[in-house]
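As structure tokens, the structure follows; a few thoughts come after it.
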Amino acid sequence: MTAIEALVASMGGQVIATSPAHRDWKSQPGFIAAFERARLVLVNGEGTLHHDRPAGKMLLEVGAWARQRGVPSALINAGWEANGPELLAQLPDFDLLAVRDSRSAKEIGAAGHACRVVPDLSLYGSSPDRDAARQGIAVTDSVERTTALALDRLRRRMGARASAIQYREPGPGAGLRFLREAFAARDLLSPGFAFGLLSARLAQLHATVASAEDYLDQLARTRLLVSGRFHACTLALAAGTPFVAVASNTSKIAALVEDVELPAWRANTSLAPADIDLAASRGWEKNETAAIENYLSEARSKAEGLFRDLRELVQ
């Protein structure tokens with residue numbers, strides 16, 4: 001969102017209202033009031049649009065709402081995977097479509113909709129000190145609870161540090177809310193599993209940092225990142241930090257690795273300590289470093305090009 005706000009400002013605009021992805025925007029009077037006076041509406045798709053999720057359908061309804069009011073709209077920064085005809089039918093309501101990886105573009109294109117590929121906007125403007133001394137292995141969690149538990153067990157076996165890409169919200173009760181987000185009701189039927197999740201989440205809570213800049217600074221001093229989080233991987237690219245990953249709730253990390261032209265094993269790692277140690281010792285290969293630099297350069301150029309075209313929509 002910081003990148004989007006900066007890019008909007010670069011086209012002479014201002015973000016006048018936002019609504020979180022999983023909250024019903026139609027139920028927010030302040031947001032609707034701002035919507036009515038907006039000159040452009042952006043839907044930041046991110047990882048919400050997959051497997052016909054209700055939250056994805058709700059996001060895409062913005063397009064029809066804007067079209068009915070004669071306001072241009074765009075779906076940007078989106079992944080797209082395994083959505084059926086109902087969600088595909090909502091895409092023509094947008095004046096512009098931009099997805100963050102080639103796999104998403106191929107799936108949308110096969111349904112007859114034109115879209116462009118612009119790498120994830122978390123890469124825009126991220127410029128940590130890549131020359132800092134690096135040491136240690138950092139391990140994130142995953143949105144998939146079983147994977148999160150496996151990653152934390154690996155972290156403990158290897159004596160690695162936790163790396164928390166999620167923020168702890170400010171205010172009273174924030175820590176409790178952070179812990180609760182990791183659980184589903186059915187987890188309580190398996191006390192051993194639930195206790196393991198709690199322990200893993202506590203490690204993540206203690207590892208939270210105050211800002212994206214702090215997180216990038218940590219990454220830039222890390223020898224290897226082991227992750228189940230898409231944005232941890234994009235920020236590792238920005239920080240020049242070698243990473244290996246396990247699959248998330250979609251193929252988005254594999255799609256990222258594919259577009260950067262990194263070897264497929266980076267997105268399909270074994271969680272065996274010996275394999276992680278090997279990855280840490282290898283770092284980036286020379287051809288990987290060149291591919292990453294090219295990808296980062298293109299990411300910035302394509303982001304700026306996208307927002308120039310969005311300015312044209314307003315004009």
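The values are calculated or read from the model by the stated rules, or taken from the named source; none is laboratory data. In this text, all values refer to a predicted model and were calculated from it rather than measured experimentally. For neighbour counting, all protein chains shown are included, and Cβ atoms are generated from backbone atoms with ideal geometry for every residue, glycine included. The accessibility values were calculated without ligands, DNA or RNA, using every heavy atom of the protein model including side chains. Shrake-Rupley method; radii C 1.70, N 1.55, O 1.52, S 1.80 Å.
One residue stands out in the range 124-150 among those that are farther than 27 Å from Leu278 by Cβ and either among the polar types (S, T, N, Q) or not in a loop (DSSP other than H, G, I, E, B) (or both): the one that is most open to solvent (accessible area, probe 1.4 Å), namely Ser127. Inclusion of Ala299 among residues that are open to solvent by less than 60 Å² (accessible area, probe 1.4 Å) and either over 26 Å from Gly47 (Cα atoms) or in contact with a helix residue (DSSP H, G or I) (Cβ under 7 Å, 6 or more places away or on another chain) (or both) is warranted. If only one of Ser281, Ser211, Ser190 is open to solvent by 40 Å² or more (accessible area, probe 1.4 Å), among the hydroxyl-bearing types (Ser, Thr, Tyr), out of contact with any helix residue (DSSP H, G or I) (no Cβ under 7 Å at 6 or more places or on another chain) and at pLDDT below 95, which one is it? Sole residue among the options that is open to solvent by 40 Å² or more (accessible area, probe 1.4 Å), among the hydroxyl-bearing types (Ser, Thr, Tyr), out of contact with any helix residue (DSSP H, G or I) (no Cβ under 7 Å at 6 or more places or on another chain) and at pLDDT below 95: Ser190. Considered as a group, the residues in the range 150-165 that are under 20 Å from the mean Cα position of the chain (by Cα) and hydrophobic (A, V, I, L, M, F, W, C) include one that is nearest to Ala247 (Cα to Cα), and that residue is Leu151. Total residues in the range 182-226 satisfying the condition of being more than 25 Å from Thr269 (Cβ to Cβ) and not in a helix (DSSP H, G or I): the figure is 5.
Filter the range 260-304 down to residues that are among the β-branched types (Val, Ile, Thr) and either part of a loop (DSSP other than H, G, I, E, B) or closer than 14 Å to Cys233 by Cα (or both) and give me whichever is farthest from the chain's Cα centre (by Cα).
Initially, the range 260-304 is screened for residues among the β-branched types (Val, Ile, Thr), giving 260, 269, 276, 289, 292.
Filter once more, so that each one left must be either part of a loop (DSSP other than H, G, I, E, B) or closer than 14 Å to Cys233 by Cα (or both): 260, 269, 292.
On the way: Val260: 16, Thr269: 19, Ile292: 18 Å.
For the range 260-304, the residue satisfying everything is Thr269.
Would you mind finding the one in Arg130, Arg229 that is within 25 Å of Thr250 (Cα to Cα) and basic (Lys, Arg)? Matching residue, one of Arg130, Arg229: Arg229. If we only count helices (runs of 4 or more DSSP H) wholly inside the range 28-123, which ones have 3 or more residues that are open to solvent by 50 Å² or more (accessible area, probe 1.4 Å)? Answer list for the range 28-123: 29-37, 54-68, 102-110.
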